[in-house]
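The values are calculated or read from the model by the stated rules, or taken from the named source; none is laboratory data. Bear in mind that the values here come from a model prediction, so they are computed numbers and not experimental data. Neighbour counts are summed over all protein chains in view; Cβ atoms, including those assigned to glycine, are modelled from backbone coordinates with ideal geometry. All accessible areas refer to the heavy atoms of the entire protein, side chains included, with ligands and DNA or RNA removed. Shrake-Rupley method; radii C 1.70, N 1.55, O 1.52, S 1.80 Å.
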Amino acid sequence: MLPNMRTRRITGLHLTGTSACPISKIPPKYSNHDWDYNNKIKFRITCDQERLAERIVEDSRRVVDDVNDTTRNWQREVEHHLRERASEIRFLCDELNKQKKTALLEDEALTTYRNRILNAIGFLKEKSLNICQRCLVLREGRLAVDLCEDDVDRNLRRELKVIKGCQCLMDKALKETHEQMRKLRAAMYLLDKDLAQKDKSLLIDEKNLKLRDSQHDLGSSDNANQPCLYTLGEWQQKTYLNIEGNGKELNSASQLRAYIDLILCQVCEDMQNQTDRTNEAFNCRITEVKHIKKCLENKHNDTMNHIIEVQRNIQLLEGEMSDKNRAHQLCLTRLSNRAARPGLEMTCDEVQQSLYNELDALKASICKLQQKIRENKASLRYLMHVQVMQEEEINIKNNSIKIDEVDCMTLRQCLKYQAF
C-alpha cells in the first residue's frame with residue numbers, strides 16, 4: 001500500500017443475549033482516488049526504468065568499442081616489446097656462449113698445468129723427499145734419551161728444508177691453480193645459469209608471441225599477479241657482470257699459467273753437498289753410540305755381582321727373622337698359659353716381668369731385623385732397577401745403532417738428486 005493512500009474500514013457487531021462478542025469482520029476497502037493514484041505511480045516507475053535501460057545500453061556499446069580499441073593497441077605494443085625482448089635475449093645468449101667456449105678452453109689448459117704440477121710434486125715426494133722423510137721417521141723410532149736433537153737430525157732437517165722449499169712452491173702453485181679453476185668454473189656456472197634462464201625466458205616470450213585471444217587453450221592464469229623481482233637495469237647489469245667476471249678470470253688464468261712455467265724451472269739444486277754432510281754426521285753418531293754401549297755392558301756385569309751379594313744377605317736376615325718369630329711365639333704362649341693361674345696366684349712375679357721384658361726385647365729385635373730386611377730389599381730393588389735400566393739403555397743403544405747404521409744408511413746409499 002502506498003504511504004499517502006487513505007483507507008477506510010467498516011466494522012460491525014451483532015450482539016445476542018447478555019454476552020457481546022464479534023461475529024464477523026468486513027475486509028478493508030480502498031477508494032477510487034487510491035486506485036487511480038497507484039496506477040499513475042506504477043506507470044511513472046516503468047517509464048523511468050525504460051529510459052535508464054536505454055541510456056545504459058548506449059553507454060555499454062560505447063565502452064565496448066573503447067575497450068576493444070584499447071585492448072588491440074596494448075596487444076600490438078606488447079607484441080612489439082616481446083619481439084624486441086626476444087632479439088635482445090638472443091644477442092646476450094650469443095655473447096654468453098662465446099664466453100663459455102673460451103672459458104672451457106682455458107679450463108682444459110689449467111687442467112694440463114695442474115697435471116704438470118702434480119707430476120713434479122710426485123717426483124719430489126717419491127724420490128728425494130721420501131728417502132729423507134723415511135730417515136727422519138726411522139730416527140723417531142729411537143727410544144728414551146737417544147731420541148734427542150743431535151747433529152744428524154739437524155742435517156736431515158736442513159736437507160729436508162731445501163727439498164720442501166721446492167715442494168712448497170709446487171704446493172702453492174697447485175693451490176692457486178685449484179683456486180683459479182674453482183673461480184673459472186664458478187664463472188662458467190654463472191654463465192650456464194644465466195644461459196639456462198635466458199633460454200627459458202626466450203621460449204616463454206616466443207610462446208607468448210604465438211598466443212592469440214581467439215585460442216581456447218590459453219592455459220592457467222594463477223601466477224598472473226606475481227610481482228617482478230628485478231628491474232630491467234638490474235637484469236642487464238647482472239648479465240654484463242657475469243660476462244665481465246668471466247673475462248677477468250680468463251685473464252687471471254693466463255697469468256697463472258705463465259707463473260707456473262717459471263716455477264717449474266726452479267727445483268732441486270745443489271743437494272749432493274748436504275747429503276754428504278748428513279752421511280758424515282751419521283757415521284760420527286754411530287761411533288759414539290757404540291762406545292757408550294760398550295761402557296754400559298761393563299757396568300751391567302758389576303751390577304749383577306752386587307745383586308747376588310744382596311740376595312744372599314736377605315736370605316740370612318730372613319732366617320734370623322724366622323728364629324725370632326718362633327721365640328716371640330714361645331713367649332706369647334707362656335704368657336697365655338700363666339694367664340690361666342687361679343685366684344691369688346695371678347700375681348706379677350719375676351717370671352711374669354721377665355716374660356714381659358723378653359717380649360719387648362723380641363719385638364725390638366724383630367723390628368730391627370725387619371728394618372734391615374726392608375733396607376736390603378729396597379737396595380735389591382734399586383739394584384734390579386739399575387740392572388733393568390742398564391739393559392734398557394743397552395737395548396736403546398742397539399736400537400739406535402740399527403736405525404742409523406742398518407736402516408738409514410742403507411736407504412741413503414741410493415739417495416740421488418736430479419733436476420726436473
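Residue-by-condition table, conditions (1) within 60 Å of the chain's Cα centre (by Cα); (2) among the aliphatic types (A, V, I, L, M); (3) modelled with pLDDT of 85 or more:
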site: R312; (1), (2), (3): no, no, yes
site: K324; (1), (2), (3): no, no, no
site: L330; (1), (2), (3): no, yes, no
site: A339; (1), (2), (3): no, yes, no
site: P342; (1), (2), (3): no, no, no
site: E345; (1), (2), (3): no, no, no
site: V351; (1), (2), (3): no, yes, no
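Scan region 341-362 and give yes if some residue there is touching a residue at least 24 places away in the same chain (Cβ under 8 Å) and either basic (K, R) or closer than 30 Å to K290 by Cα (or both), otherwise no.
Checked region 341-362: no residue is touching a residue at least 24 places away in the same chain (Cβ under 8 Å) and either basic (K, R) or closer than 30 Å to K290 by Cα (or both).
Of all residues in region 256-281, which are of a type in the set (S, T, Y) and either open to solvent by 70 Å² or more (accessible area, probe 1.4 Å) or over 48 Å from the mean Cα position of the chain (by Cα) (or both)?
Answer for region 256-281, where residues must be of a type in the set (S, T, Y) and either open to solvent by 70 Å² or more (accessible area, probe 1.4 Å) or over 48 Å from the mean Cα position of the chain (by Cα) (or both): just Y259.
State which residue is farthest from I314 (Cα to Cα) when the search covers only region 327-350 and only residues that are open to solvent by 80 Å² or more (accessible area, probe 1.4 Å) and either part of a helix (DSSP H, G or I) or in contact with a Phe, Trp or Tyr (Cβ under 6 Å, 6 or more places away or on another chain) (or both).
Going through the qualifying residues, I end up with L344.
Kindly evaluate K193 against the criterion of being open to solvent by 60 Å² or more (accessible area, probe 1.4 Å), at pLDDT 90 or above, touching a helix residue (DSSP H, G or I) at 6+ places or on another chain (Cβ under 9 Å) and under 19 Å from K238 (Cβ atoms).
no
Filter region 16-35 for residues that are in a helix (DSSP H, G or I) and either at pLDDT 85 or above or surrounded by 10 or more Cβ atoms within 10 Å (Cβ to Cβ) (or both) and give the result.
Answer for region 16-35, where residues must be in a helix (DSSP H, G or I) and either at pLDDT 85 or above or surrounded by 10 or more Cβ atoms within 10 Å (Cβ to Cβ) (or both): H33, D34, W35.
How many of the residues in region 282-291 are open to solvent by less than 80 Å² (accessible area, probe 1.4 Å) and either more than 15 Å from D146 (Cβ to Cβ) or more than 45 Å from the chain's Cα centre (by Cα) (or both)?
Within region 282-291, residues that are open to solvent by less than 80 Å² (accessible area, probe 1.4 Å) and either more than 15 Å from D146 (Cβ to Cβ) or more than 45 Å from the chain's Cα centre (by Cα) (or both) number 4.
Output the residues belonging to region 259-293 that are assigned to a helix (DSSP H, G or I) and out of contact with any helix residue (DSSP H, G or I) (no Cβ under 9 Å at 6 or more places or on another chain).
Selection gives L262, Q272, N273, D276, T287, E288, H291.
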